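Some notes on the structure that comes next.
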Amino acid sequence: SENRRISSSAQVSATKQPGNQDILERLEELDRQIEKKRSTKQDTTANSAKAVAESERKLWENELNQLLNGLRRHMSSDTWDAFMNQNEWIRSREAMAVDALSGNSGSAMQELEYTRSLAEITRDRAYELAEEYYDLLSETE
């Protein structure tokens, strides 16, 4: 899986903000940990691969929740309410994961594809929220 990074403008602003680099470093470290787990995984059964994908999804969801909590601390309640489209995102994530499935209807491989898709979409959202966080903190200075 290709490691996508947040935009260079967000990286530049992150380096100017004390503490913000920690967010990017945390996301990149999580990417490295997941890649390391994938490269050392010996059991290649569909169920084992699904368990690994589910573990990755949970790691990214935890990171996503941390980012959301950080954003909330820096926003007024009105701004937060306007920003908070997380429920919409969850519904769209489920739809995107279903759309990513191939024709392996009902198979263990389909479940694996779905779970991997959820993990990747959640990862992408974490990087998007990191950008939002950087933007918000740069506006408050």
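The values are calculated or read from the model by the stated rules, or taken from the named source; none is laboratory data. Just so it is clear, the structure is predicted and the values come from calculations on it, not from any experiment. Ligands, DNA and RNA are stripped out before the accessible areas are found, and what is left, the full protein with its side chains, is counted by its heavy atoms. Shrake-Rupley method; radii C 1.70, N 1.55, O 1.52, S 1.80 Å.
Based on what the data block shows, is E29 open to solvent by 50 Å² or more (accessible area, probe 1.4 Å), more than 14 Å from the chain's Cα centre (by Cα) and at pLDDT 80 or above? So E29 fails the test. Residues in the stretch 47-74 that are open to solvent by 30 Å² or more (accessible area, probe 1.4 Å) and of a type in the set (A, V, I, L, M) were compared, and the one that is farthest from A108 (Cα to Cα) is L59.
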